[in-house]
Amino acid sequence: MRRVISQYNISTLWLAELCRFLPKSWFWPISCLVGYYQYYFHKNKRRRVIDCYRRLVKVLEIDRDPVELAREHYKRQLMCVAANYVYKGMTLQQWTKYADVQGAEYFDEARKLGRGMVLTMLHFGTDLAGWSFFESKNYDLVLMRRVFAKEFRSERHKHFLGLHTKALFAGEQTGLSNPVRQGIRMLKQDQSVIGIAIDGIEGKKFTKFPIFNGKYEIEIRPGALEIARLAKAPIGFGFSAIHNGRVVLRYFPVAVFDGSKPDDEVMQDFLVASLKNFENAVRTYPESVYWSRPLMDAIGMVDKDKGKSDDPME
């Protein structure tokens, strides 16, 4: 399902520019105001989001009001799509002021191995901010994007979408083999952090993994793990959310292909642990859910916008 607020709309970029210019403490109140407007003046989209939350509450077996969750979801949308841009250029000290960050030390330790790393996420919260945080730590960030993201010409919009960094492009025109080769070369040659949404980038195949107490299944693409395995690079998982008006960033212990276990076992264990952490994120921060096609398919919702995603990572 398309986002409540599209990253591609010029009005979204203008709002992000305004929030970037104003004190950072104003970001959350402005996001709430924009969310209220979208919630009360776009009834069809609102009904659809409420329906999704009704289904999610049932799947998770939690005692939450779907209407309240939808309202809170709307309040977070500008912050979700714009945090990467509004917080761009902040120092590490500023990040700790405006965001709640835990687990980044796992990547700092892995960096000592002398190779690049792969950081994976699923579409949730403000995923771009979850990657770009590492720029404040002087990591060289590389995002894997769908090939149509190359079409953007505006430098300002490229920065807004995280396209100003080096990128690996995958999709129908490129396949997956060429981006994989490029990624492996980068990881072996330098200490880049390659960011990949494992529920979004197209590959030759997908694998369905159990989620939500094992009663449902979600599609996961293999590209990130293939790159890490072939490069023998550490791979980690993280997620981001919005809570109490602040960005929440959580990172988890990395997996390494050091020969102590078969590669297939490392990959399997990593995916199982990552999906467990993702499920915990959905349960803890349901208001920050991104209604991506894989998530909607997993909980049995029909995506009326299927094939019309407005996210270059999906």
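The values are calculated or read from the model by the stated rules, or taken from the named source; none is laboratory data. Nothing here was measured: the structure is a model prediction, and the numbers come from that model. Cβ placement follows ideal geometry from the backbone for every residue including glycine, while neighbour counts extend to all protein chains displayed.
What to note about this one:
- Residue pairs meeting the criteria (Cβ under 6 Å; at least 6 apart or on separate chains; first closer than 16 Å to R2 by Cβ, in segment 45-69; second of a type in the set (F, W, Y) and not in a helix (DSSP H, G or I)): C52/W291
- Yes/no for D108 being acidic (D, E) and closer than 20 Å to A281 by Cα: no
- Number of residues in segment 93-107 that are outside any strand (DSSP E or B) and either among the hydroxyl-bearing types (S, T, Y) or touching a strand residue (DSSP E or B) at 6+ places or on another chain (Cβ under 7 Å) (or both) equals 7.
- Screening A224 against (1) assigned to a helix (DSSP H, G or I); (2) more than 14 Å from the chain's Cα centre (by Cα); (3) not β-branched (V, I, T) leaves a single unmet condition, (2).
- Scanning segment 51-92 for residues that are farther than 26 Å from L128 by Cβ and either in a helix (DSSP H, G or I) or among the polar types (S, T, N, Q) (or both) turns up D51, R54, R55, V57, K58, V59, P66, V67, E68.
- Residue in segment 235-258 that is touching a residue at least 12 places away in the same chain (Cβ under 8 Å), over 27 Å from I299 (Cα atoms), of a type in the set (D, E) and in a helix (DSSP H, G or I) present: no
- The set of residues in segment 55-66 that are β-branched (V, I, T) and either under 21 Å from V302 (Cβ atoms) or within 23 Å of the chain's Cα centre (by Cα) (or both) comprises V57, V59.
- Check on A110, part of a helix (DSSP H, G or I), under 27 Å from R221 (Cβ atoms) and modelled with pLDDT of 90 or more: no
- Check on Y8, part of a loop (DSSP other than H, G, I, E, B) and within 19 Å of the chain's Cα centre (by Cα): yes
- Within segment 49-99, tally of residues that are within 26 Å of A16 (Cβ to Cβ), among the charged types (D, E, K, R) and surrounded by fewer than 15 Cβ atoms within 10 Å (Cβ to Cβ): 1
- In summary, R145 fulfils each of the numbered conditions (1) surrounded by fewer than 23 Cβ atoms within 10 Å (Cβ to Cβ); (2) modelled with pLDDT under 85; (3) not small (G, A, S) with the single exception of condition (1).
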